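The values are calculated or read from the model by the stated rules, or taken from the named source; none is laboratory data. What you are looking at is a predicted structure, and each value in this text was computed from that prediction instead of being measured. Quick reminder, even Gly has a Cβ in these numbers, built from the backbone with ideal geometry, and neighbours come from all protein chains shown.
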Amino acid sequence: MPKNTNTSYFSIEQELTARFSKALSNPVRIAILQLLNSQSCCFHGDMADELPIAKSTLSQHLNELKDAGLIQGNIEGPNVKYCINKENWKLAKELINKLLSD
């Protein structure tokens, strides 16, 4: 019998935990979050200098983190400055901690 794949079956907490976990499932994204968490914000070009990946690959990972709501980007002139989305970062930590402690 097929499993119920209707998303209404799952709670909002389960959906958010899965969304955040998916965004955290890549070591490059972990490194990006650690870099951003160690400072207030960082420009795309500066991150490209710090991480051993192509700028286009970095952009893809930043988009994944942004889509998950863990970071936010602000355009400043020709550059994009990225920061941790503090509200969602706190929520992600709470939900993942809850999952791991249950």
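Structure summary
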quantity: Any chance residue 55 is surrounded by fewer than 17 Cβ atoms within 10 Å (Cβ to Cβ), among the basic types (Lys, Arg) and more than 20 Å from residue 95 (Cβ to Cβ); calculated: yes
quantity: Complete set of residues in the range 46-66 that are assigned to a helix (DSSP H, G or I), in contact with a helix residue (DSSP H, G or I) (Cβ under 8 Å, 6 or more places away or on another chain) and closer than 22 Å to residue 20 by Cα; calculated: 47, 57, 58, 59, 61, 62, 64, 65
quantity: Index of the failed condition, residue 24 passing every other in (1) modelled with pLDDT under 95; (2) among the aliphatic types (A, V, I, L, M); (3) surrounded by 15 or more Cβ atoms within 10 Å (Cβ to Cβ); calculated: (1)
quantity: Residue list for the range 58-85, restricted to those being of a type in the set (Asp, Glu) and in contact with a Lys or Arg (Cβ under 9 Å, 6 or more places away or on another chain); calculated: 64, 67
quantity: Boolean, residue 75 is assigned to a strand (DSSP E or B) and either out of contact with any His (no Cβ under 8 Å at 6 or more places or on another chain) or buried (at least 17 other Cβ atoms within 10 Å of the Cβ) (or both); calculated: yes
quantity: Identity of the residue in the range 5-45, free of Cβ contacts under 8 Å to residues at least 24 places away in the same chain, of a type outside the set (A, V, I, L, M, F, W, C) and assigned to a loop (DSSP other than H, G, I, E, B), that ends up nearest to residue 82 (Cα to Cα); calculated: 39
quantity: In the range 64-102, residue farthest from residue 39 (Cα to Cα) [restricted to those that are at pLDDT 95 or above and of a type in the set (S, T, N, Q)]; calculated: 97
